[in-house]
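The values are calculated or read from the model by the stated rules, or taken from the named source; none is laboratory data. Just so you know, these numbers come straight off a predicted model, no measurement behind them. Cβ placement follows ideal geometry from the backbone for every residue including glycine, while neighbour counts extend to all protein chains displayed. In case anyone asks, the SASA skips ligands and DNA or RNA and just uses the protein heavy atoms, side chains included. Shrake-Rupley method; radii C 1.70, N 1.55, O 1.52, S 1.80 Å.
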Amino acid sequence: TYKYIDICSNSGLPNLSTCCALHRDLALANPTKMRSRLVALLASSQSHLVSGFISPALKGRVTISSSSSTSLKSSSMKELAEKVLANPKFPPEWPFSPADFERTDESDDSIFYDQPRLVYHIDDYAVRALTQYYSHHLKDGDDVLDICSSWVSHYPEEFKGGNVVGLGMNEYELSQNKQLSSYVVKDLNRDPIFPFQDESFDKVTCVVSVDYLNQPLEIFREISRVLRPGGECIISMSNRCFPTKAFRIWLQTNDLEHIFIVGSFF
């Protein structure tokens, strides 16, 4: 089951982001084990949505909604997001091919991420919305794994986590993240196995990086493995990206379809 939660809406102003949170009760190997939260950061002024929900890259493989012919011009982003979640008919089998996760730049990711980037990759409005969202869903004492981590995790300043671990690509960026208890440098596209024991964390977070993970099925299985019973995974996503490193199907689909695609990874 899905629930749409509107946590920030600035769609009436230019160049601001609209932020929404999507909650899913997850049924993986253990239906009672894990809940996931998808946080979609949709920039209203830079949206590349097309009329309807289905892009050619997904046609014939998935069904997003019975209202797929709805025009984006006649509905607000909130209404459209709700329609994506109204009847998400996830296919019983993995619908993606290896080609869907190919990238324009297949060179070693360690080269691309070698240079530290101590900048925000989403705008200030989206940062505040995400931090506010975390303030309601991160509890003091939570053990948290932040995958694709960097110099900032956007957790509230007052959050007092237990074991807060960052798993990312750039050691200097990770060393500058003051909210981490420790960190691990690892390329999940080379080896998607997390170096942690089963049921080690209460929360797993991933900020605007899911579109760079070219083995999502394996990685999301790992998320399930390291979460404790009742744990949560919070995925945030944006329509901004490094296009040469984002996987192919992400670039071929629109913001609403991104919600569906990430949901199907679970």
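Taking 31 Å as the limit for the C-alpha separation, the pairs K83/K203; K178/K245; K139/K245; K89/K245; K203/K245; K83/K160 exceed it in the case of K139/K245; K83/K160. Heavy-atom surface analysis with a 1.4 Å probe gives the stretch 120-232 a carbon and sulfur content of 46 percent of its accessible area. Accessible surface area normalised per residue over the stretch 87-222 is 49 Å², counting heavy atoms of protein chains with a 1.4 Å rolling probe. Spin-label model, F196 to T104: label points 7 Å out along the Cα-to-beta-carbon direction sit 3.3 nm apart.
Look at the Cα gyration tensor of the stretch 119-266: its axes a ≥ b ≥ c give a/c under 1.5, and that counts as rounded. Using Cα pairs closer than 8 Å and at least 6 residues apart in sequence, work out the relative contact order for the stretch 162-258, in percent. After rounding, I find 25 percent. Taking the stretch 126-211, which GluC sites (Glu not before Pro) meet the DSSP loop condition and have no more than 16 other C-beta atoms within 10 Å? Passing both the DSSP loop test and the Cβ count: E157, E158, E199. Around the amide H of I234, modelled in the peptide plane, lie the amide H atoms of R37, V204, T205, C206, all under 5 Å away and 5 or more residues distant in sequence or on another chain. Sites listed here are trypsin sites (Lys or Arg not before Pro) in the stretch 163-266 whose DSSP assignment is loop and whose Cβ has at most 14 other Cβ atoms within 10 Å: K178, R190.
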